[in-house]
1. Collect the residues in the range 141-189 that are within 28 Å of the chain's Cα centre (by Cα), part of a strand (DSSP E or B) and more than 21 Å from PRO202 (Cα to Cα), keeping them in residue-number order.
2. Exactly one of these conditions fails for ALA267: (1) open to solvent by less than 20 Å² (accessible area, probe 1.4 Å); (2) in contact with a Phe, Trp or Tyr (Cβ under 8 Å, 6 or more places away or on another chain). Give me its number.
3. Quick test for you: out of TRP593, TRP623, TRP586, pick the one residue that is modelled with pLDDT under 95 and among the aromatic types (Phe, Trp, Tyr).
4. So in the range 325-344, with the set limited to residues that are assigned to a loop (DSSP other than H, G, I, E, B) and of a type in the set (A, V, I, L, M, F, W, C), which one is farthest from GLU277 (Cα to Cα)?
5. Looking at (1) assigned to a loop (DSSP other than H, G, I, E, B); (2) open to solvent by 10 Å² or more (accessible area, probe 1.4 Å), which is the one condition that is false for PRO422?
6. Suppose we keep only residues that are within 21 Å of HIS661 (Cα to Cα) and of a type in the set (Ser, Thr, Tyr) within the range 686-724. Which one would you say is least open to solvent (accessible area, probe 1.4 Å)?
7. Kindly indicate the residue of the range 230-251 that is hydrophobic (A, V, I, L, M, F, W, C), open to solvent by less than 10 Å² (accessible area, probe 1.4 Å) and within 27 Å of the chain's Cα centre (by Cα) and also nearest to ARG182 (Cα to Cα) among those meeting that condition.
8. Only residues in the range 570-593 that are open to solvent by 20 Å² or more (accessible area, probe 1.4 Å) count as the first member; pair them with residues that are assigned to a helix (DSSP H, G or I), Cβ under 8 angstrom, at least 6 apart or cross-chain, and list the lot.
Amino acid sequence: MLRFTRRNLLKAGLAASAGAVGADKNLSSLASPEVAAAANGASAGPPAPLLRVPARDPSDALAPRQRLLLDFGWRFHMGHAIDPSKDFDFGLEKEKWTFADSGSFLPVAGLKFDDSGWKLVDLPHDWAVELPFENTSRPDHGAKPLGRAYPETSIGWYRRVLDIPASDAGSRIAVEFDGAYRRAMVIFNGHYLGENFSGYAPFRFDLTDFANYGEKNVLTVRLDATLSEGWFYEGAGIYRHVWLTKTDPLHVAHWGTFVRSEIEPWAATVYISTQVENDNPEARTCNVTSRLVDAAGKEVTRVEAKPTQIPAWGRATFDSEARLGHPLLWSIEEPNLYRLLSTVESEGAATDHHETKFGIRAVRFDPDQGFFLNGKPVKIQGTCNHQDHAGVGSALPDRLQSYRIERLKEMGSNAYRTSHNPPTPELLDACDRLGMLVMDETRMMSSNPEGLSQLERLIRRDRNHPSVVIWSIGNEEPEQGTPRGARIAASMKRLIRELDPTRPITEAMNGDWGKGLSRVVDVQGFNYAGGGEQHLAERTDEFHRKFPKQPTIGTETGSTVSTRGIYQNDKERGYVSAYDLNYPSWAFTAEHWWSVYDARPFLSGGFAWTGFDYRGEPTPYGWPCINSHFGIMDTCGFPKDNFFYYQAWWGSKPVLHLFPHWNWSGREGQEIDVWCHSNLDSVELFLNGESWGTKQVKRASHAEWKVRYTPGTVEARGSKNGQVVLTDKRETTGPPARLVLHPDRERIAADGEDVSVIAVELVDAKSRRAPTASNEVSFKIAGPGRLIGVGNGDPSCHEPDKPASPTEARRSAFNGLCMAIVQTSKQPGEIRVEASSAGLESASVVIHAEAAKLRPAV
């Protein structure tokens, strides 16, 4: 995407923002004074109905600005990458269609086009997850038939018909996409608006000149997923939110606010920068009032910037600052948030109200002592993650973002790397709200116009999130150690400094440490040991000796491979033992990497690869594998045994986790490796009441025994200061006898978006999980909801993730577990979920969909 001026953007409708906030600054702003004390605290159906865009309500607290969710009531149809006759004549030159005349695009983009045969879908939507698995397709991309070899399943068309009230004439109207994969072409009322290259970067088009006021309008999007941006499952479709924004011509610019703070003992200074655009044909004088409101809704201060005249079709920046006594700081333990309410006034009337959430905190990376948050040292205990999840692919409802962060927090993790692309905003919202540090990463490492445009959009959009503590400009780039790579990085850094002088910059480097862009970035990022060597401790120590003034962080570490509930490698089935023993040639076990990072204060911490399994990159085996084994949790979020290693050494509570299961029929008398992850002083192991000895637990390590298998009970007793404080046991179970349902929440909002994640456990007659059960489970639901996805965490399972019906689905269990995701409609009521399996006692649960305030929507 080219970088245009503001006027060109309005004329073309393109979203890349121009203009910068602030000026070049050095890293001195990162060295904030340490705080003296802690913080103070869809399925096919009838034709889609015409959904009307509500007119602005003058009594609305945020009038005259409206930001309306545009997720519901879309139509979807596959196109074709090489056959125009199967792609609604796109690419077929005849008469004056396509690009010949403005407003005369293909009939598919017109109001008269009949889309009643198209599939009715709500967003977010990923058509790739609905495709079958194929051994002949690209395994690194999840074995889905996408790409140039699959022209019939790699093009997607979306249409949305809407009314824009006549009262909106004179407003500025824009459509905003949080992300669409990929190569999006947007047409509005037959007018080609432009394209967006990346599937991850947000983009925006101005609709003002092309709207039919008081009439029907049609928005058409063509997506081309024949090429990829990554080497992993990426999905395909409008898989993030779409918004319709309406403002007065005199308004806060898109991503036009920037809030930063400096803290000192018992006080903070908040610096506010607000860009205002005047899309009027005459100059306007205005002022900006900024109100800071705490989480309870109480106004804590109010400041007003000096009135300024903005020229016709111009913009101006309003700067102000406010001093707060005893601010509530944002931290991992207490993620306090504030709201900035900005009001633009001209000639005695408010023309815009705009809200920005932010947090007050100080971050610093020290070359000797690592990372500091609010003046306190914090070891970064992070995970890298791709964006897909079982059942839904890359089209995650907002609640699933929170669900995933909650699972990581439960494990003891405090940081999240958005590898290797900009995240959806709702992920950062969850990190802000729940207290999770973020390394925010762009997809394209380049100083070309497209790369800088993607980078600018990332920074401007995400710079107010307190969870974001560091920017990453790339991952394992071939040019990372070269002079050219350094020049590219310097240009990217210069742009970031213009937009955000408060956060440091890194790049995830898997070699050439100390060379190329190492001299440009603020914090050296280590992927594994660099250069393919295995000597992690020696390599990191060597770098610190050579470059003692440069802070360091493990941008990507670990890469242990394991399969939940599997304890022997099985190449034929594509399974890897869950003991912390298996890793690729470039990587390390969990215990190895963390013991090195834990022992070195100069290392700020690191990000394990990965928190969750993800589609694509099957390692170490190929087909039938269709996803990675790297996750500490599987694709559903069910913990693997390594989850408890991290929980023991990252968390604050006593941990005792014993494995494997004790169902080994046919191996009587053979030795079984028995492990225990614990942070207690010692663990004693018993088999059927007989002691097999006590093992001391070294820091960042584990305890293990070799035990000859006899059916019965193996039990671990963990001691602290000589006293047994925890026990854990595994018993030889009977066959599965019944199902048990465990919803993550039984009360959810009836807003058409919220979900409950329902885990299904297969247990024996004594209510013990059957650890090897693989029975097929059938789901049925009744009430105001629908099934949107199922999963089981099996990396070699080829069953469909998406149910064929919104009320029925099937999924086999994998080692005793599977799951279903239930989403509400917009009607409150009881959603009854039933699960059954041949020969087993069925189970049901009621999810209460409660009346909720709906987000303003089209």
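1. Answer for the range 141-189, where residues must be within 28 Å of the chain's Cα centre (by Cα), part of a strand (DSSP E or B) and more than 21 Å from PRO202 (Cα to Cα): just LYS144.
2. Unmet for ALA267, out of (1) open to solvent by less than 20 Å² (accessible area, probe 1.4 Å); (2) in contact with a Phe, Trp or Tyr (Cβ under 8 Å, 6 or more places away or on another chain): (2).
3. Only one candidate qualifies: TRP586.
4. Let us first name the residues in the range 325-344 that are assigned to a loop (DSSP other than H, G, I, E, B), namely 326-329, 331-334, 336-337.
Checking which are of a type in the set (A, V, I, L, M, F, W, C) leaves us with 328-329, 332, 337.
On the way: LEU328: 32, LEU329: 32, ILE332: 36, LEU337: 27 Å.
Once the filter is applied, the top-ranked residue is ILE332.
5. Result: PRO422 passes all but (2).
6. TYR709
7. So in the range 230-251, the residues hydrophobic (A, V, I, L, M, F, W, C) come out as 231-232, 236, 238, 242-244, 250.
Now restrict to residues that are open to solvent by less than 10 Å² (accessible area, probe 1.4 Å): 232, 236, 238, 242, 244, 250.
Applying the additional criterion that residues be within 27 Å of the chain's Cα centre (by Cα) yields 232, 236, 238, 242, 244.
Values: PHE232: 14, ALA236: 7, ILE238: 8, VAL242: 14, LEU244: 20 Å.
Here the answer is ALA236.
8. Close Cβ pairs (under 8 Å, with a partner that is assigned to a helix (DSSP H, G or I)) amount to GLU591/TYR645; HIS592/LEU536.
The values are calculated or read from the model by the stated rules, or taken from the named source; none is laboratory data. Keep in mind the model is a prediction, meaning the values are calculated, not measured. No Cβ is skipped: glycine too gets one built from the backbone with ideal geometry, and neighbour counts run over all protein chains shown. Note: accessible area is taken over every heavy atom of the protein model, side chains too, but ligands, DNA and RNA are not part of it. Shrake-Rupley method; radii C 1.70, N 1.55, O 1.52, S 1.80 Å.
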